[in-house]
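The values are calculated or read from the model by the stated rules, or taken from the named source; none is laboratory data. Predicted model only: the values in this text are computed from it and were never measured. Here the Cβ positions follow ideal geometry from the backbone for every residue, glycine too, while neighbour counts run over all protein chains shown. Remember, those area values only see protein heavy atoms, side chains included, never the ligands or the DNA or RNA. Shrake-Rupley method; radii C 1.70, N 1.55, O 1.52, S 1.80 Å.
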Amino acid sequence: MTARSNLEQILNDGRFAVTAEIGPPKGADPQKIQNKAILLRGYADAFNVTDNQTAVVRMSSFAGCCLLHQMNMEPILQMTCRDKNRIALQSEILGASALDIRNVLCLTGDHQSFGNHPCAKGVYDIDSIQLIQIIKQMRDDGLFQNGEVIPAGKPIMFIGAAANPYSEPYELTIDRLEKKILAGADFIQTQSVFNVDHFLGWMDDVRSRGLDKKTHILAGVTPLKSKKMTERMKYHVPGVDVPDEIEQRMNNASDEKKEGYDIALDTMKQLKVVKGVHGVHITALFWEEITPVLVKESGLHPR
Amino acid sequence: MIVTRQKSFEDILKQVDKGPAFLIGCSECATLCHTGGEEEIIQMKMNLEQKKIIVTGWIVLDPACHLQNNKRLLKTHHDELLQAKKIIVFACGNGIQTVRELAQDADVITGTETLFLGEIKHTNEFEKRCIQCGECVVDNYSGLCPVSRCPKSMLNGPCGGAKNGCCEVDEELECIWDLVYKQLKSKGRLAQLKTIQKPKDWQKATQTRRIVNHDRSQQP
Ligand code: SF4
Ligand code: SF4
């Protein structure tokens with residue numbers, strides 16, 4: 001089968017993939033995202049454009065993807081179930097496919113109470129697993145969620161989902177991954193890995209159930225920029241596990257940025273050799289310029 | 001039970017304007033919530049009178065959402081109701097509207113916020129249990145409802161943000177998925193969660209606006 005996207009091609013070929021996140025601006029200026037894109041061009045195989053991450057209003061993922069596509073960079077459309085019902089989500093999939101956006105990451109989404117419009121009504125018509133299933137059915141069977149035939153062109157889409165090895169209860173993390181794969185997730189991007197030992201154990205469990213053979217797992221990496229960010233990630237971002245040891249390393253560092261970078265590079269090197277990990281997903285929050293260095297020094301450049 | 005909270009006295013005063021007012025409570029949910037029982041109505045009467053607002057009378061309906069019953073009960077207060085310019089109802093949003101159907105010239109105003117359908121956990125402690133989705137799925141989750149008790153209505157597992165069993169959206173409340181997990185695990189039925197639950201038919205919640213039980217309505 002021919003690949004639907006560059007990312008799929010790379011993963012199908014058994015090459016180690018790199019994806020990177022690009023946060024769209026809090027405004028309508030296309031230059032802002034284009035500048036970030038220029039910085040990252042050539043350092044990842046595809047680029048996630050976040051969908052109103054942490055429920056803060058920003059330029060839409062869809063528009064960001066179009067801007068990247070115009071620059072010949074491959075986007076990954078992020079879609080959350082928080083802001084759109086099944087009608088809007090399916091419509092967006094059709095539109096994305098029409099505009100050559102061929103990767104999608106299905107998320108439930110951060111709750112609106114965390115964002116800058118906490119009074120908004122959350123939608124949650126469907127959840128991420130149902131979204132994966134709906135997109136797969138549109139793509140493979142040419143059917144809408146309601147069972148109706150799509151009369152004017154099935155969408156072409158490489159379907160992704162998120163997994164969090166650190167969430168509780170632990171047992172359900174693997175079950176939920178399995179459900180996402182069953183629903184149709186072709187690739188998985190994990191929560192950022194800070195606790196490598198825990199991640200290795202999780203991957204053992206993933207492999208023991210053969211799940212690494214049924215999807216492509218990309219492990220998340222986030223370079224810590226400062227003590228403040230470390231503290232925020234450790235204590236305030238739900239579902240993130242920053243071990244005490246990393247916190248201490250950041251606290252004792254004379255050059256916080258360098259320490260954070262070193263930790264990330266070290267993590268990348270460890271993740272690269274984990275059996276069943278087919279790539280890394282780099283989320284450099286407000287620190288995009290570090291991504292190229294990280295990719296180069298971990299031996300993943302050129303892409 | 002339908003859980004309500006009394007509006008602030010300032011807000012009520014604003015709506016009451018100069019009065020005179022007639023007060024209505026409800027013998028069921030609003031009594032249990034202490035928002036519209038006899039005690040609260042008498043207290044409200046005193047508070048209003050202190051502000052020089054005439055209270056023409058009061059009643060606790062049994063319950064406020066019963067239209068035919070209300071007609072009968074309100075008859076004895078006919079004159080008091082006629083003298084009132086404002087009828088303040090301390091019941092749920094339903095009770096208020098049922099009273100509204102029977103009011104004549106007076107404005108019907110609400111003394112409460114209607115919050116949710118929930119359980120009386122302890123006296124004065126209430127927790128949401130149902131959002132009336134019209135398609136009850138609690139059997140899939142060991143009798144627990146993620147539709148109403150998970151802020152994201154996750155049907156296929158937890159969102160991943162829970163910490164020490166508490167919900168990422170409100171640390172004071174348990175993550176319902178943590179409870180579902182524990183329940184099913186203790187019964188050895190975790191495998192049940194592997195089934196992918198299909199999208200809900202929200203039409204059942206949003207489009208069902210009236211039901212008539214024909215077979216029962218014939219009975220005495
Ligand atoms: S599944 Fe629906 S009807 Fe049943 S308790 Fe939950 S919200 Fe209420
Ligand atoms: S923590 Fe649990 S209850 Fe709260 S939103 Fe996530 S899954 Fe739902």
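Observations on the structure shown:
- Label reach from A:D205 (point 7 Å along Cα→C-beta): in segment A:223-263, amide nitrogens under 17 Å belong to A:239-242.
- Placing +1 on the Cβ of every Lys and Arg and -1 on the Cβ of every Asp and Glu, with no other charges, gives segment B:2-115 a dipole of roughly 220 debye about its Cα centre.
- Positive minus negative residues near B:V108 (Lys, Arg vs Asp, Glu; Cβ under 13 Å): 0
- Its Cα centre serving as origin, the protein assembly as shown has a Cβ charge dipole (Lys and Arg +1, Asp and Glu -1) of approximately 860 debye.
- Backbone phi angles across segment B:150-167, fed through the Karplus curve with coefficients 6.51, -1.76 and 1.60 (θ = phi - 60°), yield HN-Hα couplings of 9, x, 10, 6, 5, 9, 10, x, x, 7, x, x, 5, 10, 6, x, 9, 6 Hz in residue order; Gly and Pro are listed as x.
- If a spin label sat at a point 7 angstrom from the Cα of A:I150 along the line to its beta carbon, the backbone N atoms of segment A:99-127 nearer than 19 Å would be those of A:99-107, A:126-127.
- Dipole-positive endmost among B:Q15, B:A191, B:Y141 within chain B (Cβ charges, Cα centre): B:A191
- Restricted to Cα atoms, chain B shows a radius of gyration and a Dmax of 21.6, 65 angstrom.
- For segment B:114-127, Karplus couplings with θ = phi - 60° (6.51, -1.76, 1.60), whole Hz, Gly/Pro x: 8, 9, 6, 9, x, 9, 8, 7, 9, 4, 6, 10, 10, 9
- Gap separating the Cα centres of segment B:23-64 and segment A:34-112, nearest whole Å: 54 Å
- A cut-off of 5 Å between modelled amide H atoms, ignoring neighbours fewer than 5 places along the same chain, links A:M71 with no other residue.
- Distant-in-sequence amide contacts of B:W58, defined by a placed amide H-H separation under 5 Å and a gap of 5 or more residues or a different chain, comprise B:L23.
- Summed residue charge, Cβ within 15 Å of A:T108's Cβ, Lys/Arg positive, Asp/Glu negative: +2
- Full extension of the chain between A:Y170 and A:D244 yields a length gain of 24.7 nm, computed as 0.36 nm times the residue separation minus the alpha carbon distance.
- In this structure, the amide hydrogen of B:V108, modeled 1.01 Å from its nitrogen in the peptide plane, lies closer than 5 angstrom to those of B:I87, counting only residues at least 5 positions away or on a different chain.
- Equivalent ellipsoid, segment A:52-98 (semi-axes from 5 times Cα gyration tensor eigenvalues, Å): 19, 15, 7
- All Cα-Cα distances of segment A:202-303, cut into 10 Å bins from zero to the largest, leave 14, 42, 33, 10, 0 percent in each bin in turn.
- The Cα-based radius of gyration of segment A:6-297, divided by its Kirkwood radius, gives an Rg/Rh of 0.95.
- Of the three principal axes defined by the Cα atoms of segment A:80-204, the extents in descending order read 49, 38, 24 Å.
- Theoretical FRET efficiency, 1/(1+(r/R0)^6), r = Cβ-Cβ of A:E231 and A:S91, R0 51 Å, to 0.05: 0.80
- Full-extension gain in nm, B:Q97 to B:T76, via 0.36 nm per residue minus C-alpha separation: 5.5 nm
- MRE, 222 nm, helices only [DSSP H, n ≥ 4, -39500 (n - 2.57), over chain A, to nearest 500]: -12000 deg cm²/dmol
- Kyte-Doolittle mean at least 0.5, axial Cα span of 15 Å or more - DSSP H helices of chain A: A:86-98
- Alpha-carbon Debye profile of segment B:11-58, log10 I(q)/I(0) at 0.17, 0.18, 0.20 Å⁻¹: -0.47, -0.52, -0.63
- For segment B:134-197, dividing the convex hull volume of the Cα atoms by the residue count gives 83 Å³ per residue.
- Restricting the calculation to Cα atoms, every distinct pair contributes to the Kirkwood radius of the protein assembly as shown, found to be 26.2 Å.
- For A:P75, net neighbour charge (Lys/Arg +1, Asp/Glu -1) across residues whose Cβ lies under 14 Å away: -3
- Per-selection metrics, segment B:2-115 (Cα): Rg and Dmax in Å: 12.3, 34
- Remark: mean inter-chain Cβ contacts per residue of A:162-168 equal 4, using a 10 Å Cβ-Cβ cutoff to other protein chain atoms.
- Cα-projected label distance for B:Q43 with B:Q68, points at 7 Å along beta-carbon direction, nm: 3.5 nm
- Relative contact order of chain A, defined on C-alpha pairs under 8 angstrom at six or more residues apart (%): 18 percent
- Per residue, the average separation of C-alpha pairs within less than 8 Å and at least 6 apart gives segment B:2-115 a relative contact order of 36 percent.
- Packing-based ranking, highest mean first, of A:8-14, B:209-215, B:142-148 given that Cβ atoms within 10 Å are counted: B:142-148, A:8-14, B:209-215
- Expressed to the nearest 5 percent, the antiparallel share of DSSP beta bridges inside segment B:87-156 is 60 percent.
- When both bridge partners sit in the protein assembly as shown, DSSP labels roughly 20% of those beta bridges antiparallel.
- The protection proxy used here, the mean number of other Cβ atoms lying within 10 Å of each residue, ranks peptides A:138-145, B:200-207 as follows, highest first: A:138-145, B:200-207.
- Taking Cα centre as origin and charging only the Cβ of basic (Lys, Arg, +1) and acidic (Asp, Glu, -1) residues, the dipole magnitude of segment B:134-197 rounds to 400 debye.
- Residues in segment B:2-115 average 54 Å² of solvent-accessible surface per residue, probe 1.4 Å, ligands and nucleic acids excluded.
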